[in-house]
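Below: the structure, in structure tokens.
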Amino acid sequence: MANDVLLRGKDITRRWGGLVAVNKVSIELERNCVHAVIGTNGAGKSTLINLLSGEIPLSDGSVELLGKDVTGWTQPKRARAGLGRSYQRNTIFPSFSVFENCRLAAQAKHQKGWAWWERADRCSVSTDSARDAAHRAGLDKLMDRTAGMISHGQKRQLEIAMCLATDPKVLLLDEPLAGMGAEETERMLAMLDELRPDHAILLVEHDMDAVFRVANQITVMVNGTVIARGDPDFIRNSPEVRVAYLGEGH
Amino acid sequence: MDKSKGIFVALVFMALALYPFVGGGGYGIDIVTKIMIYAILALSLELLVGTTGLVCFGQAAFFGIGAYAAVLFSGEQGAASILWLLPASMLAAAVYALAVGALSLRTRGVYFIMVTLAFAQMAYFVVHDTPLGGGTDGIYLYFRPTLGEKLKFDEPLVMYLFSLGTLVFVFGFLTVLLNSRFGRALAGIRVNEQRMRGTGFTTYPYKLAAFVISGGLAGLGGALFAIKDGFVNPELMSWHLSGAALMMIILGGLGHLRGALIGAFAFLLLQEFFKAEAIFGEFAKHWHLGMGIVIIAAVAVLPRGLVGLPEVLRKRLAGSGGGESRIGGLKSAQGGAK
Ligand SMILES: Nc1ncnc2c1ncn2[C@@H]1O[C@H](COP(=O)(O)OP(=O)(O)OP(=O)(O)O)[C@@H](O)[C@H]1O
Ligand SMILES: [Mg+2]
């Protein structure tokens, strides 16, 4: 499959007052590629995801999604165009059922807000993609549970399922494995392998074993800047990375 | 809504339909008509507060504009048809809601509450201090509207049954609306607007539409109120009424349409009770005090409102079982947080 660039960030910069949380970061996410972004706490990884997804405005730089300049687009518009994201801190609908969490996410693609007389759960396109997404994330047995009452690891799975339910082309995943057990981690890595062929995936993750297993490309960030980029072997053997990051963390 | 709740609501509406024929006297019919109209106001507010999570403190403005519009549109020439008078009054309230919503929805939290209050106060002073609304004295409705040849709204029974029909219609409409994709999106916005935007919902138009629908429904209630009383005055737009509407839905239980219904009845019947000189004599003048105490007590005992009453009773009846399940709940909450 062709390795075309689905999301491109150019010179992405974000300042919070005097602090430059993300400093001229350029990144390309290709189809059929898991691109991991690693870095110390506070390196700016989550901020980078927020900037790419449009959750917060850029101080500088530009974002291109599926060949279109989306720098001026709002987050919902980018999401509808195929940009899905998950959150580092669970951002679910705790009072809704697991299924309804997924269904509502899927509904974003088939909004029809004016069809006030049609029951939401009769929209089979969105119920189907909700079931499919929940299945992929391993939540089949929990569909009717209240989302706020499931375990932390299961909430992490739901976080991913909601992202998948919108059927995105580009996935920005913020520490999806944090808080997951060994079995769930395996499932998640297998799922990433499965999604890889026709998605572009950005994976922010602290679990280095997982990163080195699943990533095709790795970008290392420290204090808002990119200090190294390359395939897993290159990163593993890079002296700068060892000093700046792996050395401390391990 | 599951079955038992649907049956409960159907029974309430059936009882209301029978009431005038099984002993509801003139006074009773008048009070219940008034309560049903306020229940429409409470339902309209529930759409904003309980469903969408927008705490609007200016709902009385929409109610009042509907009421004034009904009187002003009726004119002095003869009876209007209710078939256009009500939609026209709703439209007037909805247009105002569109303007208020468009501006107030740019703010959040406490500021949102303040801005909706400020807009309602503006509307209040417009009718209070300009000739348009007849000033403090208000204006009289010269001719009550008619529906065809036969139905004249001067007759209390006609007014009663029509108000009931409208209430059932509003309740049914909102029930369908809340189960639609639009309604589910509003609920999602209440629970987690950030995630809604993250998944691709542009939330502003949803909230604005909720505002306009809510304003229109409040206006419908207001128009009925004007037709019933044959008279409007600025008090219909005062913040007291906005506050009362909020108390109705809180007392009844936020997040449930039947909560608004129950809350309106509970609130206004309590008010009648504490205002009754036959019971309280001189003290009836201080009815606010009694109301306040009962409402505070109700909120303390029933944090989820009157709709939570059956659950609280069930736990009480189960005795120690209630205590155990509370501990069980804590355990599972800790499990979730680990
Ligand atoms: N809303 C904000 N206002 C001010 N500073 C912020 C804000 N959000 C993030 N920052 C700062 O930006 C920097 C980058 O934070 P970010 O959350 O992107 O780091 P991260 O790489 O995701 O870290 P972690 O691995 O801990 O998740 C940090 O110094 C943080 O304190
Ligand atoms: Mg982070």
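The values are calculated or read from the model by the stated rules, or taken from the named source; none is laboratory data. Just so you know, these numbers come straight off a predicted model, no measurement behind them. Glycine gets a Cβ as well: all are built from the backbone with ideal geometry, and neighbour counts include every protein chain shown. For the accessible areas, the whole protein counts, side chains as well, though only heavy atoms, and no ligand, DNA or RNA atoms are used. Shrake-Rupley method; radii C 1.70, N 1.55, O 1.52, S 1.80 Å.
Can you compute the helix-only [θ] at 222 nm over the protein assembly as shown? Use -39500 (n - 2.57) per DSSP H run of at least 4 residues, normalise by all residues, nearest 500 deg cm²/dmol.
Helices in the protein assembly as shown give a 222 nm mean residue ellipticity of -18000 deg cm²/dmol.
Checking an interface number: how much accessible area is buried between A and B, summed over both chains, with a 1.4 Å probe, in Å² rounded to 100?
2800 Å²
The range A:59-134: which chymotrypsin sites (Phe, Trp or Tyr not before Pro) are DSSP loop and have at most 12 other beta-carbon atoms within 10 angstrom?
Of the chymotrypsin sites (Phe, Trp or Tyr not before Pro), the ones in loops of the range A:59-134 whose Cβ has at most 12 other Cβ atoms within 10 Å are A:TRP114, A:TRP117.
Running Debye on the protein assembly as shown with equal point scatterers at the Cα sites and no solvent, what base-10 log of I(q)/I(0) appears at q = 0.09, 0.10, 0.12 Å⁻¹?
-0.80, -0.92, -1.15
Note down the magnitude of the dipole of the protein assembly as shown about its Cα centre, charges +1 on Lys and Arg C-beta and -1 on Asp and Glu C-beta and zero elsewhere, to the nearest 20 debye.
The dipole of the protein assembly as shown has a size of about 420 debye.
With the Cα gyration tensor of the range B:90-150 giving a ≥ b ≥ c as the square roots of its eigenvalues, does the rule (a/c under 1.5 for rounded; else a/b larger than b/c for prolate; else oblate) give rounded, prolate or oblate?
oblate
Tell me the net charge near B:ALA123. Cut-off is 15 Å between Cβ atoms, B:ALA123 excluded, with +1 for each Lys or Arg and -1 for each Asp or Glu.
Local charge sum for B:ALA123: -2.
Below 15 angstrom from the Cβ of B:GLY252, what's the summed charge of the other residues (Lys, Arg +1; Asp, Glu -1)?
+1
Could you identify which residue out of A:SER53, A:SER129, A:SER238 has the top mean-square fluctuation in a GNM of chain A using Cα springs shorter than 10 Å?
Per the Cα network of chain A with a 10 Å cutoff, A:SER238 tops the list.
Summing Lys, Arg as +1 and Asp, Glu as -1, what charge do residues with Cβ under 14 Å from the Cβ of A:SER238 carry, A:SER238 excluded?
0
Using the charge dipole of chain B (Lys, Arg: +1 at Cβ; Asp, Glu: -1 at Cβ; taken about the Cα centre), state which of B:GLY222, B:LEU117, B:GLY183 has its Cα farthest towards the positive end.
Of the options given, the answer is B:GLY183.
Considering every Cα-Cα pair within the range A:126-250, what fraction, in whole percent, is farther apart than 20 Å?
The share of Cα pairs beyond 20 Å in the range A:126-250 comes to 48 percent.
Leaving out ligands and nucleic acids, and using a 1.4 Å probe, what accessible area per residue does the range A:92-167 come to in Å²?
Normalised by residue count, the accessible surface of the range A:92-167 is 42 Å².
Let me confirm one metric for peptide B:184-191, namely the mean number of other chain beta-carbon atoms within 10 Å of its residues' beta-carbons.
5
Express the carbon and sulfur contribution to the solvent-accessible surface of chain A as a percent, rounded to the nearest whole number, probe 1.4 angstrom.
So the carbon and sulfur contribution to the accessible surface is 48 percent.
Evaluate chain B: find the radius of gyration of its Cα atoms, find its Kirkwood radius, and give the ratio Rg to Rh.
0.99
Give the Cα extents of the range A:92-167 along the principal axes, in whole Å, largest first.
Between the extreme Cα coordinates on each principal axis of the range A:92-167 lie 36, 22, 17 Å.
Long-range amide H contacts for A:SER26: which residues qualify at under 5 Å (H placed 1.01 Å from N, peptide plane, sequence gap of 5 or more or a different chain)?
Long-range HN contacts for A:SER26: A:ASP11, A:ILE12.
Which entries of A:LYS68/A:LYS169; A:LYS24/A:LYS45; A:LYS77/B:LYS207; B:LYS5/B:LYS228; A:LYS112/A:LYS169 show an alpha-carbon separation above 20 angstrom in the structure shown?
Beyond 20 Å between Cα atoms: B:LYS5/B:LYS228; A:LYS112/A:LYS169.
Looking at chain B, identify the longest residue range that excludes and avoids all GluC sites (Glu not before Pro) in DSSP loops having at most 13 other Cβ atoms within 10 Å.
Here the longest segment lacking exposed loop sites spans B:150-338.
Under 1.5 on a/c is rounded, so check that first for the range B:49-96, then, if it is not, pick prolate when a/b is larger than b/c and oblate when it is not; a ≥ b ≥ c are the square roots of the alpha carbon gyration tensor eigenvalues.
prolate
Could you tell me whether the range B:50-208 comes out rounded, prolate or oblate from its Cα gyration tensor? Rule is a ≥ b ≥ c as square roots of the eigenvalues, rounded for a/c under 1.5, then prolate if a/b exceeds b/c, otherwise oblate.
Verdict is oblate for the range B:50-208.
Using DSSP loop states and a limit of at most 16 other Cβ atoms within 10 Å to flag trypsin sites (Lys or Arg not before Pro), what is the longest stretch of chain A containing no flagged site?
A:146-250
Please give the per residue volume of the convex hull enclosing the alpha carbon atoms of the range B:27-129, rounded to a whole number of Å³.
Cα convex hull per residue, to the nearest whole number: 130 Å³.
Farthest toward the dipole's positive end in the range B:71-190, which of B:LEU161, B:TYR142, B:HIS128, given Cβ charges of +1 (Lys, Arg) and -1 (Asp, Glu) about the Cα centre?
B:LEU161
Mind telling me which of B:MET248, B:MET114, B:MET90 comes out most flexible in a GNM of chain B, alpha-carbon contacts under 10 Å?
Most flexible of the set in this elastic network: B:MET114.
Over the range A:92-167, what is the relative contact order in percent, taking alpha-carbon pairs closer than 8 angstrom and at least six residues apart?
Answer for the range A:92-167 is 50 percent.
Name the residue, out of B:PRO303, B:PRO145, B:PRO131, whose mean-square fluctuation peaks in a Gaussian network model built on chain B with Cα pairs under 10 Å.
Top of the fluctuation ranking is B:PRO131.
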